[in-house]
Structures are given as C-alpha cells and as structure tokens.
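Coordinate-derived values only; no laboratory data. Given the structure is predicted, the values throughout are model-derived calculations rather than measurements. Please note: Cβ atoms are built from the backbone with ideal geometry, for glycine as well, and neighbour counts cover all protein chains shown.
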Amino acid sequence: MSRSNTIATAVLTIVLASGCSQKWTCDLTEQLKQRAGTSAKDCGEAEGDASMDVDSCVTAMFGKGDAFYAEYPVTGTTLTSAVAYDGNSLTILKYDSDPSGGSSSDPTINAWACVSPSIDTSAPTKDDPQPVSCTKTAFIAETCGGARR
C-alpha cells in the first residue's frame, strides 16, 4: 500500500470511528436508562391517571438524591419530554417521533442539561410538563435523527 493510500485509510478510519462513537440510540427509554444509570428507578410515563404517580416518584427520588427517569408525553403532539437524573446531574430529553409534522420522517432526540435543578410542582407547562425547574437549560446535542443521519 502506498504512503498516500495509508494516510487516506487512516483519515477515513478516524472519521468513521468518530462518527460511530456515539452510543445513543433513537429509543427514548434506552437513552433515559443510559443517562440515569443501571440502578435508576423507572418512574413511568405520565399519561392520564398515571401523571400524579409519576410526579410523586420524580419528586421523592429527586428529594432523596436517587437516580430516576420518567417520560412526559405532550398531549396532542408527537413530542415527549423526559427527564433522567443520575444522582448528580439532570438531563431533559426532547423526543419528536415525527419532526416533519406528518411526513413520517425519522425521530429526533435532543438533550438539554438542567442547570441547578429543583422540584417545582407549579413549573409544568405544555412544552415542559415535568415537575422539574431549572435556573437555565443548556443544549447538549441532538443525539439521534436530523443532521446526524
């Protein structure tokens, strides 16, 4: 193999390795489990009558400093807001099963760091239904979908 072919192969290997090194899947629950850790409590999915139980679990686990994750589907949309807490940091994941608005495009998941998280049961809004308040959020990455494809 010539020197230029060896260099080209090395560069291609580095590019492919860096593009494939992300361990995130487009499965929201799997990302939550990875972010919160193997011993994290699954607080569930806050739909209908389960909402109060999920909020109670999130509040209790966060209050104890224990790892947890929970999903909060946004009613009437293809969106789900979710939280993962590993005992130290809280991540908010925004899942959109069809970001094109009806053209059946691949799902996307965007991750946001919650700075100085706290529990605030008056905090939920339509776009952020979880009972978690952040002094600010910082975009981490689009972990699947969109430009990463």
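Each of Lys136 and Asp27 was given a label point 7 Å from its Cα along the Cα-to-Cβ line. The distance between the two points is 3.6 nm. Of the trypsin sites (Lys or Arg not before Pro) found in the stretch 56-129, those that fall in a DSSP loop while having at most 13 other beta-carbon atoms within 10 Å are Lys126. Each label point is 7 Å from the Cα along the Cα-to-Cβ direction; what then is the distance between the points at Asn88 and Ser56, in nm? Once both label points are built, they end up 3.2 nm from each other. Note on the stretch 26-119: along the principal axes its Cα atoms extend 43, 27, 23 Å, ordered by decreasing extent.
So, in nm, how far is label Thr75 from label Asp49 when the simple model puts each one 7 Å beyond its Cα toward the Cβ? Here the modelled spin labels are 1.7 nm apart. Computed extension length for Lys64-Asp98: 8.7 nm, one decimal, from 0.36 nm per residue of separation with the Cα-Cα distance subtracted.
Of the GluC sites (Glu not before Pro) in the stretch 39-95, not one is in a loop by DSSP (not H, G, I, E or B) with at most 11 other beta carbons within 10 Å.
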